[in-house]
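J.: Below is a structure I'd like to ask you about.
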Amino acid sequence: MEDLLKFIVENLADHPENIVITREGDDIKVAVPKAEMGKFIGKQGRIAKAIRTIVKASAKGERIRVDIVEVE
C-alpha cells in the first residue's frame, strides 16, 4: 500500500526526495514541503480526496487513514 502511495506522490511532486511517507498502525502520514502543498490538496481538496480514495480501495477492507501534513 505504501508503494502505491509512493508512486502517486512521486508523480505529483517536483522534488519527490523531499516527501516522507510514514505509517503508524492504520495511519499513513505524507509529509509535504509547504511549496508543494497546493499540488497535493488541489482545488477544493479534490486531489487529496482522490488519493485517499485510491489508497482505501487498494486496502481491501483494512481501515486506512491518509493524512497530508505540511512541513517547513
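Every residue, every condition in (1) exposed (fewer than 11 other Cβ atoms within 10 Å of the Cβ); (2) charged (D, E, K, R), yes or no:
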| site | (1), (2) |
| --- | --- |
| Ile21 | no, no |
| Asp26 | yes, yes |
| Val30 | no, no |
| Lys34 | yes, yes |
| Lys39 | no, yes |
| Gly42 | no, no |
| Val55 | no, no |
| Ile64 | no, no |
| Glu70 | no, yes |
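J.: Could you please let me know if Asp67 is within 11 Å of the chain's Cα centre (by Cα) and not polar (S, T, N, Q)?
T.: yes
J.: Going through region 26-43 one residue at a time, which ones are within 13 Å of Val66 (Cβ to Cβ) and over 9 Å from the mean Cα position of the chain (by Cα)?
T.: Asp26, Asp27, Ile41 - these are the residues of region 26-43 that are within 13 Å of Val66 (Cβ to Cβ) and over 9 Å from the mean Cα position of the chain (by Cα).
J.: When you go through Ile8, Ile47, Ile21 one by one, which is the residue that is in a strand (DSSP E or B) and touching a helix residue (DSSP H, G or I) at 6+ places or on another chain (Cβ under 7 Å)?
T.: Going through Ile8, Ile47, Ile21 in turn, the sole match is Ile21.
Only the coordinates and a few stated rules stand behind these numbers; no lab work does. Just so it is clear, the structure is predicted and the values come from calculations on it, not from any experiment. Here Cβ is always computed from backbone atoms with ideal geometry, including for glycine, and neighbour counts include all displayed protein chains.
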